[in-house]
There are 2 protein chains.
Amino acid sequence: MNKKRRAVILLSGGLDSATVLAHAAGKGFECCAISFNYGQRHKVELKAAGRIARHFHASQHFIVKIDLRKWGGSALTSSIKVPKNGLKPGIPVTYVPARNTIFLSFAVALAETIGAKDIFIGVNSLDYSGYPDCRPQFIRAFAKCATLGTKASDQGWKFRIHAPLQHLTKAEIIKLGTKLGVDYSITHSCYDPDPEGRACGRCDSCRLRRKGFIEAGVKDPTIYTK
Amino acid sequence: MNKKRRAVILLSGGLDSATVLAHAAGKGFECCAISFNYGQRHKVELKAAGRIARHFHASQHFIVKIDLRKWGGSALTSSIKVPKNGLKPGIPVTYVPARNTIFLSFAVALAETIGAKDIFIGVNSLDYSGYPDCRPQFIRAFAKCATLGTKASDQGWKFRIHAPLQHLTKAEIIKLGTKLGVDYSITHSCYDPDPEGRACGRCDSCRLRRKGFIEAGVKDPTIYTK
């Protein structure tokens, strides 16, 4: 009989969520991964998510199809251009309205259905301080919401939303993942890959990834076109 | 120039959400309706949603496709049978895990994108006291979450989640809607309609609807097969 506690892991296919899955698996959870085909321009990340889920023996991997291009509102889900000239202060145009609220709500639905009380998400408040849905106060508010809006409240337990990367720099995340056996060559971060799925090297996500590997002193396995 | 404030209205096609749309329109909002094709067995409700949106001149009507049958967990999204023998205490098997959390998260994404600060939902804590995601404490927690997880928190304003039916009985809802000009013959409530879309008359939703019309002293326009 499998006595492992179940957890749901939000898995984008990027560096952060790969590290989170490794972390949750390392803590002894039976990991059920969930990814989203939401109309993102970098849909190639879903192939990476599949590779990562297999690598860490996720018990299941759901890919949920939703279409956030219906109303757009972000450079990742509309024809707005992905900025290539470096990070700027404020909320970037790559912010997708309420994306993590949507992703977490599906994770809660799945968790409630399969009997998991723990949800892991790779949000980080240092690198993307501009994304409102990556902040600790949002994650705390969502956890409360998840408990109140499900059977948890009737059964007297609480959902736990784990954000183990919340206060780490990209370099610290890479060091942690390297220790946990993450093969970063199978992850994908770029917002605007070429048709072959290769990283552009100039979007915010590529810049943060590249800088992270340099600062961590870990060899960057990514092939950047620029 | 249209100076109306925009609002997003969750519109299932049922009696409650039709009344909510009428209420929001009556308050002078420019109403953008959002409905969900989530794999529900009573998908016929979406046709009703379309009729209601047109009737009340919704400025837009989005039908979002998501597949909650992927993991099921409810009589509405799996092969679990819809109960026909009357309402029981506790959480009914027709409860769909985290459904309102998911629906509201899409509503927030849409609202943030179109510049709406008001979201209307037809939850009610009297009739469906068993559904955890229909309770006032959940709605309050979600509103906080919506504000913290979006640009609202940076721009210094708050999302308002209106649940005008929260403390009304079904009879009171029907009386209110009748006053507001809702044509209930174009709404659909049944969880388990026949292939022609006719109401079964015996599921919880039909029972509540039927009883509501009787108690309101309003003629029930529904055709029930039993």
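All of the numbers you see were taken from the coordinates with simple rules; none came from a lab. Just so we're clear, the structure is a prediction, and the values are computed from it rather than from any experiment. No Cβ is skipped: glycine too gets one built from the backbone with ideal geometry, and neighbour counts run over all protein chains shown.
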Treating every alpha carbon of chain A as one equal point scatterer without solvent, the Debye formula yields log10 I(q)/I(0) values at q = 0.07, 0.18 Å⁻¹ of -0.20, -1.46
Per residue of B:93-102, other chain Cβ atoms within 10 Å number on average 6
Across B:50, B:122, B:197, the residue with the highest GNM fluctuation in chain B (Cα network, 10 Å cutoff) is B:197
Averaged over residues of B:106-117, the number of beta carbons from other chains lying within 10 Å of each residue's Cβ is 5
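Around residue B:31, with a cut-off of 11 angstrom between Cβ atoms, what is the net charge of the other residues, counting Lys and Arg +1 and Asp and Glu -1? Before the final figure, lay out each step's value.
Numbers: positive: B:4, B:5, B:6, B:27; negative: B:30, B:118.
Local charge sum for residue B:31: +2.
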The relative contact order of segment A:6-216, taking Cα pairs under 8 Å that sit 6 or more residues apart, comes to a percentage of 26 percent
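A 20 angstrom limit on the alpha carbon distance is what I want to check against. Which of A:151/B:158; A:144/B:158; B:81/B:226; A:88/B:117; A:88/B:158; B:175/B:219 exceed it? Could you put the intermediate results ahead of the total?
Values: A:151/B:158 27 Å; A:144/B:158 18 Å; B:81/B:226 17 Å; A:88/B:117 26 Å; A:88/B:158 25 Å; B:175/B:219 11 Å.
Where the Cα-Cα span goes over 20 Å, the pairs concerned are A:151/B:158; A:88/B:117; A:88/B:158.
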Output row for residue B:218: copy-to-copy label distances, label 7 Å along Cα→C-beta, ascending, in nanometres, one decimal, is 6.1
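Taking R0 as 45 Å, what FRET efficiency do you get between residue A:179 and residue B:160 from their Cβ-Cβ distance, rounded to the nearest 0.05?
E(calc), rounded to 0.05, equals 0.45.
Taking the protein assembly as shown on its own, what percent of its Cα-Cα pair distances exceed 33 Å? Let's see the in-between values first.
Values: 37107 of 101926 pairs.
For the protein assembly as shown, the share of Cα pairs beyond 33 Å comes to 36 percent.
Under the Kirkwood approximation applied to all pairs of distinct alpha-carbon atoms, what is the hydrodynamic radius of segment B:1-119 in Å?
Details: mean 1/r = 0.0656 Å⁻¹.
Across segment B:1-119, the inverse of the average 1/r is 15.2 Å.
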Diffusion coefficient in µm²/s returned for segment A:98-226 by Stokes-Einstein, Kirkwood Rh over C-alpha pairs, 10 °C and 1.306 mPa s, is 97 µm²/s
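Fully extended, how many nm does the chain gain between residue B:59 and residue B:27 (0.36 nm per residue separation, minus their Cα-Cα distance)? Show your work: numbers first, answer last.
On the way: separation 32, 0.36 × 32 = 11.52 nm, distance 1.49 nm.
So the extension gain works out to 10.0 nm.
Can you check how the C-alpha radius of gyration of segment B:60-144 compares to 2.2 N^0.38 Å, as a plain ratio? The partial results should precede the final answer.
Values: Rg = 14.5 Å, N = 85, 2.2 N^0.38 = 11.9 Å.
With N residues counted in segment B:60-144, Rg over 2.2 N^0.38 Å equals 1.22.
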Around residue A:117 (Cβ within 10 Å, Cβ-to-Cβ, excluding residue A:117; K/R +1, D/E -1) the net charge comes to +2
Inter-copy distances for residue A:155, nm, shortest first, label points 7 Å along Cα→Cβ, are 3.9
In the neighbourhood of residue A:13 defined by beta carbon distances under 9 Å, the net charge of the other residues (Lys, Arg +1; Asp, Glu -1) is +1
For residue A:72, inter-copy label-point distances (7 Å, Cα→Cβ), nm, shortest first, read 4.1
Expressed in angstrom and rounded, the centroid-to-centroid distance over alpha carbons for segment A:59-131 and segment B:3-61 is 26 Å
When chain A is treated as a Gaussian network with springs between alpha carbons less than 10 Å apart, the largest mean-square fluctuation among A:100, A:85, A:37 is found at A:85
